[in-house]
Amino acid sequence: MKLLVKAGRVIDPANGLDEVADVLVADGVVAAVGRDLAAGEAQVLDASGKVVCPGFIDLHVHLREPGLEYKEDIRTGTRAAALGGFTTVCCMPNTRPVVDNFALASFVRRRGEEAGLVRVHPIGAITKQQQGKEMAEMGGMVAAGCTAFSDDGRPVMNAEVMRRAMEYARMHGATIISHCEDLDLTGDGQMHEGFFSTLYGLKGIPALAEEVMVARDLQLAEATGARLHIAHVSTARAVELVRQAKARGVQVTCEATPHHLVLTDECLGTYDTDFKVNPPLRSAADVLALREGLRDGTIDCIATDHAPHEVEAKDCEFNLASAGISGLETAVAVLLHHLVAPGQLKLRDLVACLTVKPARALRLQGGTLTPGQPADITVLDLEETRRVEPGCFESKGRNTPFKGMLLTGWPWATVCGGRLVALAGRVVE
C-alpha cells in the first residue's frame, strides 16, 4: 500500500527540515521526502496549506486497562490518541492489577496491537503493586517490551529503593520516570499553596513537595549514572534544578503538560473539579518558567498525562474529586492556540517536543520522517477553528477544563504505519 502526502509544509526537526514537500509512504515506511514526487498508484492525501510532521509521541498516558475499563480502555484511548494527532503513546502502569510483571506488560502490548490504531508502549512499575517497598521484575518487563519504569500516580518515597531501581534500570538500558512528590508535604492539600489557595479556602500543596523530590532523584541519577525522566514538571524551581543538573552532565530529561503550560491556580476559583490535577495547577510565575524551559531546551517534551475519569469521580465535592484531565484529543489544539499562535513557542520547537525529543528520551523508534523509518505522520491544520465538545470525545473521559473553548489549530490527519487512522476530526475505521 502506498500513500502520498502531497504539498504540505514538512517540518521534521530530526533532519532540520522545514519546507514545502511531498512525503511518499510505501509498505508502512517513509519511502521518500521531496518535491513533486510521482504518485503512481499511491493514494494521494492533499496537504496543501497544512503542516506535515512526524507522528506525535506522548510519553505519559493512562489507558486504565486492565481493571479500570469504566474510565478508559486501550481501544477508546488509542482512538482518542489518533484523533489528537498521536501515533505513539506510552501508558502508565497504575492499573488494577498494577503492570509490574512480564504477563501484564505483555497483555498491554498485545491489546495495543489488537486495537491497531496507534503504537502502544507499556511502562512497567518500579515497585511491586506500586507500594514503594520491593522492586518489581524489571528484567521480565524489559523482555515484554518496556523501555521505562515508573510508579506514576505515587512517588517512590524510599530513597534506597529508588537508588536500587535506578541501578537495575541502567543495567537493562531502561529509563526511570519519576513522579516527584513528597507525600508528607502534600498531605491532604487540594491545590497549589499560595495566594489563591488562601482566597478560595482550599488547603494548599507547596511547590516544595515537588522540588525536594526532583532534587533527590537528580542526585540519585547522578550517583548511579541512570537515565532519569521527570514527569509533569510544574514549578519554576524544579525547572531550574533540571537545568543545573543537565549542565553537570546528569542523564535527565523531563516533560511538561499542556495544562501546566497554559492554566494557573487562579482558575480554581470556580471550584470546577476538572481543574483538579496532580501536580496542581501552579502560579503564573511557574507557568512563565515552564515556557522558558521549553524555549531553552531544559524541558525536553510535552506529554498529556491523559487521565480520563468517569463522571462520578469528578461530579462531587472538590476534596473528594479525582485528579486528572482527559487530554489526548485537545492537547495539540491547546498548544497551537495558546503557545504557538501568540508567539510564545515556535512551531518547529513544538513539533520537536512532540516528536524527536520524546523518542530520544525513552529510546523509541520514530519521531522522524527519515526514509526507511516507520511511516508515522501527523498533519496539522493551523487555520481550523473548532469548539471543544467533550460529548464528542472518543475517550470515555469527558473531564476537561477546556470544555466549550474555541481553539484555532487542530490535527487534521494521522497516519500510523502507513495507514490513515484519522482524518478531519474522525477516526478512519
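The gain in end-to-end length when the Phe195 to Ala159 segment is fully stretched comes to 9.7 nm, 0.36 nm per residue minus the alpha carbon separation.
Here the relative contact order of region 21-91, from alpha carbon pairs under 8 Å that lie six or more residues apart, stands at 26 percent. The angle between the Cα long axis of helix 74-83 and the longest principal axis of the Cα atoms of the chain comes to about 60 degrees, rounded to the nearest 10.
Find the centroid of the Cα atoms in region 350-429 and in region 86-116, then give the distance between the two in whole Å. Measuring centre to centre over Cα atoms gives 20 Å. Taking the longest Cα principal axis of the chain as reference, the axis of helix 236-248 is set at about 70 degrees. Below 8 Å, C-alpha to C-alpha, sequence gap of six or more: please give me the relative contact order for the chain in percent. Relative contact order of the chain: 20 percent. State the Cα centre-to-centre distance between region 230-291 and region 27-72 in whole Å. If we compute the Cα centre of each part, the gap is 28 Å.
Distance between the modelled labels on Val311 and Leu183, one decimal in nanometres: 3.3 nm (7 Å Cα→Cβ projection). Straight-distance candidates among the lysines for linking to Lys6, with alpha-carbon spacing under 20 Å and chain neighbours fewer than 8 residues away dropped: Lys50. For the peptides 158-164, 140-146, 418-424, the ranking by mean Cβ contacts within 10 Å, running from highest to lowest, is 140-146, 418-424, 158-164. Can you tell me which lysines have their Cα less than 25 Å from the Cα of Lys276? Leave out same-chain residues fewer than eight positions away. Reachable lysines: Lys71, Lys203, Lys314, Lys396, Lys403. Could you tell me how many degrees, from 0 to 90 and to the nearest 10, lie between the Cα long axis of helix 102-115 and the main elongation axis, the longest principal axis, of the Cα atoms of the chain? On a 0 to 90 degree scale, this one is about 40. Between Lys346 and Gln131, the C-beta separation translates, for a Förster distance of 60 Å, into a calculated FRET efficiency of about 0.90.
Within a straight-line Cα-Cα reach of under 16 Å, Lys246 can be paired with the following lysines, leaving aside sequence neighbours fewer than 8 residues apart in one chain: Lys357.
Summarising the label geometry, the points placed 7 Å from Cα in the beta-carbon direction at Arg35 and Gln219 lie 5.7 nm from one another.
With the simple spin-label model, which puts each label point 7 Å out from Cα in the Cβ direction, the Arg386 to Leu208 separation comes to 4.5 nm.
All of the numbers you see were taken from the coordinates with simple rules; none came from a lab. If you're wondering where the values come from, they're calculated on a predicted model, not measured in any experiment. Positions of Cβ are generated from backbone atoms using ideal geometry, with glycine treated the same way; all protein chains shown enter the neighbour counts.
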